[in-house]
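Asks: Could you have a look at this structure, given as structure tokens, before my questions?
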């Protein structure tokens, strides 16, 4: 069953239940709202109103307002980014990423992973901006020893939101061939699947009830290059992969079966801060049935 | 700002006894023109924006039409490759062809006034022009590689290179970016160049100069063949 059919069938089942779910949207300690971006590439301002492709779309101030609106409705909100924060507008050329980090801090981002373009000003350029970031960078498959980033980027983090104990970790793309060696220096790339499964297993052992992978591998490729869909299929213990790099516009999180034939989700929100990804979780201890709700939010 | 929320329920049967997360998958939210902006964030942006406004808003030319990058070739890709080639050939008349990478073009160019900021959007990278002296034996691999990629911005048809290959010349001079010359975008074979000249000229500066010189712009929309 492909994705479209899936949504269609879900819609049919749900047709008679349009009132009941409202209760789900109150201030709810059992609900976690995950908001996320990827590849926003220094697009601090909205695209110009006369832009042919994205007229008036995006912009950090609108994203911030949207995040605040959601925070007003929900107690447990986690804000994440999957990398390539840097590079794309003169703001980066002029200020080296300082403003990007300041704005993300102001918006209350919790964690981000590193994309290849986050090394565009070299390791030193990134370190110079780190004091402006009140959120943490995570990456579990780069070995930073012998670099100035050693100890500054952790493989994973654990945070508590309501009844959720959330494990978050990052997975980076192979930098060789993509980023000049002089910019990424002595960072060693390690196998993403092995690192992801090892880290997820560790987070499970530590009692996390939701495990999120921030990935900059890319959603999918025509060849067998490692991607989020491949990682998802070979993964264990990961519940959600929030991806980046390929600038893939997904209309909603995509369900996919992991190594244990359990359904997990991948999401990616395009690029340039045009969209804000959202996925909500609730905890269930029900013996007989679980309810999965798909909601559709379109702001126009 | 109408906000439509449709909730759809799907009941699944499982038999989990411990607490598990259940995804309430929501569709991604588009940040559109009518959405409200956060004042506090705008205030943080404002001084940064003003700090570069004068330089970025300088009008340097006029574009007759909207152009965007496409494969195998496009008016915008042709334009950028021509700009870099023109810059290189002035100092290095032996230059044979300019080939850049499609991924390096980061934005579209609209019709109307062209500002410095527009060129920064198209070419945000600080990449510099490099000229590589390559043995003609690499022409086939270059052509094959570009075919696999589905096209790259080029200053000429690659057939002109094939002519070099069939002539008695042993070398050709490829104008490209330091990024590609270093093996970026998987151009690892370019690191085997016989000689390399780092011009120190930024690709963006070459485009800025080209826009100023070639007014009014006429875009070449012809496909540059692989």
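We did not get these values from a lab; they are worked out from the coordinates using the rules stated. Every value quoted in this text rests on a predicted model; they were computed, and no experiment measured them. Here the Cβ positions follow ideal geometry from the backbone for every residue, glycine too, while neighbour counts run over all protein chains shown.
Asks: Considering Cα pairs under 8 angstrom that are at least six residues apart, work out the relative contact order of chain B and quote it in whole percent.
Replies: Values: 344 pairs, mean separation 62.7, N = 226.
Reported relative contact order: 28 percent.
Asks: Can you tell me the 0 to 90 degree angle between the C-alpha axis of helix A:192-205 and the longest principal axis of chain A, rounded to 10?
Replies: Result, in degrees: 60.
Asks: Another question, if that's okay. Decide, for the protein assembly as shown, between rounded, prolate and oblate: order the square roots of the alpha carbon gyration tensor eigenvalues as a ≥ b ≥ c, take rounded if a/c falls under 1.5, and otherwise choose prolate if a/b is larger than b/c, else oblate.
Replies: Since a/c reaches 1.5 and a/b is larger than b/c, the shape of the protein assembly as shown is classed as prolate.
Asks: Pick from B:74, B:160, B:46 the residue whose mean-square fluctuation is largest in a GNM of chain B, springs joining Cα atoms under 10 Å.
Replies: In the Gaussian network model the winner is B:46.
Asks: As an exercise, use a Förster radius of 35 Å and the Cβ-Cβ distance of residue A:165 and residue A:224 to find the FRET efficiency, rounded to the nearest 0.05.
Replies: 0.50
Asks: At what distance in nm do the modelled label points of residue A:157 and residue B:205 sit from each other, each positioned 7 Å from its Cα along Cα→Cβ?
Replies: 4.0
Asks: Of all DSSP beta bridges located in region A:30-282, what percent are antiparallel, nearest 5? List each step's numbers first, then the result.
Replies: Working: 19 of 41 bridges.
If I count the DSSP bridges inside region A:30-282, around 45 percent turn out antiparallel.
Asks: Pick from A:82, A:227, A:215: which is most flexible by mean-square fluctuation in a GNM of chain A where alpha carbon atoms under 10 Å apart are linked?
Replies: A:227
Asks: Nearest 10 degrees is fine. How inclined is helix B:39-56 to the longest principal axis of chain B, computing both from alpha carbons?
Replies: 10
Asks: Sticking with this one: Rounded, prolate or oblate: pick one for region A:100-202, where a ≥ b ≥ c are the square roots of the eigenvalues of its C-alpha gyration tensor, a/c under 1.5 means rounded, and failing that, prolate if a/b is larger than b/c, else oblate.
Replies: Because a/c hits 1.5 or more and a/b fails to exceed b/c, region A:100-202 counts as oblate.
Asks: Rounded to the nearest 500, what is the 222 nm mean residue ellipticity of chain B from helices alone, with -39500 (n - 2.57) per DSSP H run of 4+ residues and division by all residues?
Replies: Helix-only estimate at 222 nm: -10500 deg cm²/dmol.
Asks: Quick one: A:251, B:32, fewest Cβ neighbours within 10 Å first, how do they rank?
Replies: Values: A:251 13, B:32 20.
Ordered by Cβ neighbours within 10 Å, fewest first: A:251, B:32.
Asks: Could you please rank A:278, A:63, A:71, B:147, placing first whichever residue has the fewest other Cβ atoms within 10 Å of its Cβ?
Replies: B:147, A:71, A:278, A:63
Asks: Can you give me the distance in nm between label points at residue B:160 and residue A:251, each placed 7 Å from the Cα along the Cα-to-Cβ direction?
Replies: Using points 7 Å along Cα→Cβ, the separation is 4.5 nm.
Asks: To the nearest 10 degrees, how steeply does helix B:138-149 sit against the main Cα axis of chain B, on a 0 to 90 scale?
Replies: Between helix and principal axis, roughly 20 degrees.
Asks: Another question, then. Restricting to region A:96-186, compute how many DSSP beta bridges are antiparallel as a %, nearest 5.
Replies: Expressed as a percentage, antiparallel bridges in region A:96-186 total about 65.
Asks: Would you please give the FRET efficiency between residue B:186 and residue A:134, computed as 1/(1 + (r/R0)^6) with r the Cβ-Cβ distance and R0 = 25 Å, to the nearest 0.05?
Replies: Efficiency, rounded to the nearest 0.05: 0.10.
Asks: Hey, could you pull the Cα Rg and Dmax for chain A, both in Å?
Replies: According to the Cα coordinates of chain A, Rg and Dmax are 18.9, 60 Å.
Asks: For every helix of n ≥ 4 consecutive DSSP H residues, a contribution of -39,500 (n - 2.57) applies; sum these over chain A, divide by its total residues, and give [θ] at 222 nm rounded to the nearest 500 deg cm²/dmol.
Replies: So the calculated ellipticity at 222 nm is -7000 deg cm²/dmol.
Asks: So if we plug the beta-carbon distance of residue A:49 and residue B:40 into 1/(1 + (r/R0)^6) with R0 = 22 Å, what FRET efficiency do we get, rounded to 0.05?
Replies: FRET efficiency, residue A:49 to residue B:40: 0.45.
Asks: Something else now. Just to confirm my numbers, what's the Cα centroid distance between region B:67-101 and region A:107-136 in Å?
Replies: After rounding, the separation between the Cα centres reads 33 Å.
Asks: Using 7 Å Cα-to-Cβ label points, what is the residue A:148/residue B:144 separation (nm, one decimal)?
Replies: Computed distance between label sites residue A:148 and residue B:144 equals 4.2 nm.
Asks: For the residues B:38, A:260, A:176, what sequence is obtained by ranking on other C-beta atoms within 10 Å, fewest first?
Replies: Result, fewest neighbours first: A:260, A:176, B:38.
Asks: Just the number, please: percent antiparallel of the DSSP beta bridges in the protein assembly as shown, rounded to the nearest 5.
Replies: Numbers: 56 of 81 bridges.
Taking every DSSP beta bridge within the protein assembly as shown, about 70 percent pair in antiparallel fashion.
Asks: Quick one: check the C-alpha center-to-center distance for region A:183-262 versus region A:36-93, whole angstrom.
Replies: With region A:183-262 and region A:36-93 each reduced to a Cα centre, they are spaced 23 Å.
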